[in-house]
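What follows is calculated from the coordinates using simple rules that are stated; it is not laboratory data. Being a predicted model, the structure only gives us computed values, none of them experimental. Neighbour counts run over all protein chains shown; Cβ positions are idealised from the backbone, glycine included.
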Amino acid sequence: MNTLSNRINAIEESATLAMAAKAREFKMKGIDVIGLSLGEPDFKTPQHICDAAKKAIDDGKYFAYPPVAGYQDLREALAAKYQKENNVPYKAENIVVSNGAKQSIANAMLALLNPGDEVIVFSPYWVSYDALVRLTEAIPVIVKGGIESDFKVTAKQLEAAITPKTKAVIFSSPCNPTGSVFSRKELQDIADVVLKHPDLLVIADEIYEHINFTGEQVSIASFPGMFERTITVNGFAKGFAMTGWRVGYIAAPKWIADGCNKVQGQITSANCSIAQRAALAAVTGDVTSTVKMVEEYRKRRDIVYNLLKEIPGIKANYPEGAFYFFPDVSAFYGKSDGTRTIKNGDDLCLFLLEKAHVSLVPGGAFGDEACIRLSYAASESDLREAMKRLKETLATLK
Ligand code: GLU
């Protein structure tokens, strides 16, 4: 029997998490798999953040339900961060803290979308955008940026995709899975198109804002007229190595924040109290650890880029942020190691997991069948070893 809803039957399992689970299975069998599938910092959460969580437990004051939208002091601190770092005048009333940025996006979509609404998804996109749109019975309209344009969708492409049914546009910058970062000018051009359509909203995922090697992080909500049109998504997982703590947030016009608050009140009540105290320490504390982690990512980006260039058949762009490569590997499709033929990215990732013991994610899950995603949030020695294995194993495909 299968009486699951049409909504749930219409979506796939998260490909990033599925691949990580497969790698875990291999590891449990004693196989030395290098996991480059999950976008997960290999660093420990900075000590002062852990200490704040421990103190919160010892204080004994944070065992009850927190307010649905998050503790007032945390929301004030996040609003202050936006004013100071992002030049957006958010106040506490604009912020909703949730169980990770993924829930923040889900809340916003549930609060805003009606069945049949169209959402323009810049592709390559992070796996869950497309699935979450479909979960709300809205329609994802995929607009693709190719490797030749550094995977960036242009304002012109956006304009051409807008219809009377378009409710929102979603993208991430720095981008998961490509590492591309929109420049100020590119974002301004996108904002100019959005502002021509009075009801059009932008869901701007800025979860990788700290891991940006360009020297400038621009929030689209900071442009004149865009405050009212933008849902800014962020979280603590990437910049503060806090994936397991599950703290994300949105900043949005009050009517949207109130809508998200309503969804959240019915679904989870609130985000974990202790994790919120840790998040407060992260947003108000010393950022030396974040700066150090980012420098390390920058170094790894260059190491992996140079090693990728040495693998015949791989075409990679030079990412400017996040911690991913999204190389075009289509040159290997149709090739065989003598026993199996690689038809697509799914086959290639499985082949590389089984033969090279390196886990990656097929690009189809991110909207581009020609590519695979490689996370370089791993130690330098693991990265070097993984690249060696990839090179040797790919060379067996003829
Ligand atoms: N955002 C990370 C990734 O893309 C975490 C996994 C997930 O939630 O999909 O790998």
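Return the calculated 222 nm mean residue ellipticity for the chain, to the nearest 500 deg cm²/dmol, obtained by summing -39500 (n - 2.57) across DSSP H runs with n ≥ 4 and dividing by the residue count.
Details: 13 runs with 151 residues, N = 398.
The per-residue figure over the chain is -11500 deg cm²/dmol.
Among HIS210, HIS48, what is the fewest-to-most ranking by other Cβ atoms within 10 Å?
Sorted ascending by nearby Cβ count, the order is HIS48, HIS210.
Between ILE11 and SER379, what FRET efficiency comes out of the Förster formula 1/(1 + (r/R0)^6) with R0 = 35 Å and r the beta carbon distance, rounded to 0.05?
0.55
Sticking to Cα atoms, compute the Rg of the chain to one decimal and its Dmax as the biggest Cα-Cα distance, whole number, in Å.
My reading of the Cα-based Rg and Dmax gives 20.9, 64 Å.
How big is Rg to Rh over segment 229-318, alpha-carbon atoms, Rh as the Kirkwood inverse-mean-distance radius?
1.14
Please order GLU40, GLU159 by the number of other Cβ within 10 Å, starting at the fewest.
GLU159, GLU40
Please work out the Kirkwood hydrodynamic radius for segment 7-62, using every pair of different C-alpha atoms, and report it in angstroms with one decimal place. Before the final figure, lay out each step's value.
Details: mean 1/r = 0.0679 Å⁻¹.
Its Kirkwood hydrodynamic radius stands at 14.7 Å.
Using every pair of alpha-carbon atoms in segment 51-161, split the distances into 5 Å bins beginning at 0 and state the percent of pairs per bin, rounded to integers.
2, 10, 13, 14, 15, 16, 14, 7, 5, 3, 1, 0
How high is the relative contact order of segment 309-353, in percent, with contacts defined as C-alpha pairs under 8 Å that are six or more residues apart?
Rounded, it is 24 percent for segment 309-353.
Please identify every one of the trypsin sites (Lys or Arg not before Pro) in segment 164-193 that sits in a loop by DSSP and has no more than 13 other beta carbons within 10 Å of its own beta carbon.
Here the sparse-neighbourhood loop sites are LYS165.
Among the listed pairs LYS254/LYS292; LYS55/LYS84; LYS22/LYS335; LYS167/LYS299; LYS165/LYS343; LYS54/LYS81, which have their C-alpha atoms separated by more than 29 angstrom in this model?
LYS254/LYS292; LYS167/LYS299; LYS165/LYS343
Rounded, prolate or oblate for segment 196-253? Axes are the square roots of the Cα gyration tensor eigenvalues, ordered a ≥ b ≥ c, and the cut-off for rounded is a/c under 1.5.
Taking the square roots of the gyration eigenvalues as a ≥ b ≥ c, segment 196-253 is oblate.
Relative to the compact-globule scaling 2.2 N^0.38 Å, provide the ratio for the alpha-carbon radius of gyration of segment 273-341. Each step should come with its number before you reach the end.
Values: Rg = 19.2 Å, N = 69, 2.2 N^0.38 = 11.0 Å.
Taking the Cα Rg and dividing by 2.2 N^0.38 Å, one obtains 1.74.
Just want the ordering: THR339, THR214, THR45, from fewest to most Cβ atoms lying within 10 Å of their own Cβ.
THR339, THR214, THR45
According to the square roots a ≥ b ≥ c of the eigenvalues of the Cα gyration tensor, what is the shape class of segment 172-300, taking rounded for a/c under 1.5, prolate for a/b larger than b/c otherwise, and oblate for the remainder?
Because a/c hits 1.5 or more and a/b fails to exceed b/c, segment 172-300 counts as oblate.
Looking at segment 1-109, which chymotrypsin sites (Phe, Trp or Tyr not before Pro) are DSSP coil and have at most 14 other C-beta atoms within 10 Å of their C-beta?
PHE63
With the contact rule set at Cα under 8 Å and sequence spacing of 6 or more, what percent relative contact order holds for segment 311-398?
29 percent
Using only the Cα atoms of segment 126-244, build the gyration tensor, take square roots of its eigenvalues as a ≥ b ≥ c, and label the shape rounded, prolate or oblate: rounded if a/c is under 1.5, else prolate if a/b is larger than b/c, else oblate.
Cα axes put segment 126-244 in the rounded bin.
Treating the angle as unsigned and between 0 and 90°, give the value, to the nearest 10°, between the Cα long axis of helix 288-309 and the longest Cα principal axis of the chain.
Between helix and principal axis, roughly 30 degrees.
Can you give me the C-alpha center-to-center distance between segment 126-174 and segment 11-44, rounded to a whole angstrom?
One Cα centre to the other: 27 Å.
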